[in-house]
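Worksheet for the structure shown next.
The values are calculated or read from the model by the stated rules, or taken from the named source; none is laboratory data. Just so it is clear, the structure is predicted and the values come from calculations on it, not from any experiment. Every residue, glycine as well, gets a Cβ built from its backbone with ideal geometry; the counts of neighbours run over all protein chains shown. Quick note on the areas: whole protein, heavy atoms, side chains included, nothing else; ligands and nucleic acids left out. Shrake-Rupley method; radii C 1.70, N 1.55, O 1.52, S 1.80 Å.
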Amino acid sequence: MNAPIGVFDSGIGGLTVAKEIMRQIPGESLVYFGDTARVPYGSKSKNTVCKYSKQIAKFLLTQDVKAIVIACNTASALARGELEDMVDVPVIDVVQPGARMAAASTKNNKIGVIGTQSTIKSGIYESYLHKINPELTVVSKACPLFVPLVEEGLFEDRITEDVVSRYLHDMKEYEIDALVLGCTHYPLLRGVIGREMGESVKLVNPAYETAKSLKDLLKEKDLLNVSGEKPEHKFFVSDGVDQFRSFANSILPYQVENTTVVDIESY
């Protein structure tokens, strides 16, 4: 089926998911929406995140998408159920695939989860992990400063190292051997986080796992694009075109030449 896949995030972090989809399912076209005018979602209420997510889903449906990927952990945690009730296309989030990989990766049943305040407060990762294995010990930590550090491009900066150390130093005392990067911005800080946690801790990237799950879902529902036509990717934001395009071109295996501003409040 030659329709595109809709992908959305509160801003630019979801581009890590788009990157993995492009890499793992290269025949698929994407429509990406980054809600750059209203970022971050992590400190906002459930009602607000659900409202924003519904507006974005309505917009994506005008692009005739065949599936919607919630490339934002906060929106996945707070809005997935309402989106599934609203749309007629499959919806996939980034939380469940990451939780499954973390549960499969741990050897001592001790897993860490880092994310935004809303994601951690929701307890969504703990809930999924304990459904998979009730014996797991889950240690969670909100790391709200990671998102602005990524948005500023400070991936390997002394400031970033200091902030990562401050947030994660205590987590090492719990002897976790798997750490879920529970925000799509966080894989861009993978190097600094990995050095802080040490080689004995496996870093779980939900973006990678989500692309794998999406591929399986498209196969299962016979929605894979087998036309052989070259994929066409479209990018939309609610503000800040130049900053978005510059960031996208620094991480995607695809040159983003055009980005369109959408009045998302009208949806």
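Can you name the residue in segment 230-267 that is open to solvent by 70 Å² or more (accessible area, probe 1.4 Å) and basic (Lys, Arg) and is also farthest from LEU60 (Cα to Cα) among such residues? It comes out as LYS230.
Only one of LEU224, LEU181, LEU217 is in contact (Cβ under 8 Å) with a residue 40 or more places away in the chain, of a type in the set (A, V, I, L, M, F, W, C), part of a loop (DSSP other than H, G, I, E, B) and surrounded by 12 or more Cβ atoms within 10 Å (Cβ to Cβ). Can you tell me which? On inspection, the qualifying residue turns out to be LEU224. Figure legend. Inter-residue proximity from segment 196-208: first residues touching a residue at least 40 places away in the same chain (Cβ under 8 Å), second residues part of a loop (DSSP other than H, G, I, E, B) and surrounded by 20 or more Cβ atoms within 10 Å (Cβ to Cβ), beta-carbon distance below 7 Å, spacing 6+ or different chains. Indicated pairs: VAL201/ILE176; PRO206/VAL94; ALA207/VAL94; ALA207/THR184. Across segment 67-84, the qualifying residues are those that are open to solvent by less than 10 Å² (accessible area, probe 1.4 Å) and out of contact with any strand residue (DSSP E or B) (no Cβ under 6 Å at 6 or more places or on another chain), and the one among them that is nearest to ASP177 (Cα to Cα) is THR74. The C-beta contact set for segment 137-160 (first residue among the small types (Gly, Ala, Ser), second residue in a strand (DSSP E or B), distance under 7 angstrom, 6+ apart or interchain) comprises SER140/VAL113; ALA142/GLY115.
Under the condition of being within 17 Å of the chain's Cα centre (by Cα) and modelled with pLDDT of 95 or more, the residues counted in segment 61-75 number 5.
When LYS202 is tested against the conditions (1) touching a helix residue (DSSP H, G or I) at 6+ places or on another chain (Cβ under 7 Å); (2) open to solvent by less than 20 Å² (accessible area, probe 1.4 Å); (3) over 16 Å from ASP9 (Cα atoms), the lone failure is (2). If you go through segment 1-19 and pick out every residue that is surrounded by fewer than 24 Cβ atoms within 10 Å (Cβ to Cβ) and either in contact with a Lys or Arg (Cβ under 8 Å, 6 or more places away or on another chain) or assigned to a loop (DSSP other than H, G, I, E, B) (or both), you end up with 4. For segment 164-188, the tally of residues that are closer than 27 Å to ALA18 by Cα and either among the β-branched types (Val, Ile, Thr) or within 14 Å of the chain's Cα centre (by Cα) (or both) stands at 10.
Cβ-Cβ distances below 9 Å connect the following pairs, each with a first residue in segment 121-132 that is free of Cβ contacts under 8 Å to residues at least 24 places away in the same chain and over 21 Å from LYS46 (Cα atoms), a second residue that is open to solvent by less than 50 Å² (accessible area, probe 1.4 Å) and not in a helix (DSSP H, G or I), and a separation of six or more residues or different chains: HIS130/LEU136; HIS130/VAL138. Of the strands (runs of 3 or more DSSP E) lying entirely inside segment 85-178, those containing at least 1 residues that are open to solvent by 20 Å² or more (accessible area, probe 1.4 Å) and more than 26 Å from PHE244 (Cβ to Cβ) are 110-115, 137-142. For ASP64, the stated conditions hold: it is touching a residue at least 40 places away in the same chain (Cβ under 8 Å), in a loop (DSSP other than H, G, I, E, B) and open to solvent by 10 Å² or more (accessible area, probe 1.4 Å). Check SER45 against each of (1) modelled with pLDDT of 95 or more; (2) out of contact with any Pro (no Cβ under 7 Å at 6 or more places or on another chain); (3) surrounded by fewer than 19 Cβ atoms within 10 Å (Cβ to Cβ) and name the one condition it does not meet. Every condition holds for SER45 apart from (1).
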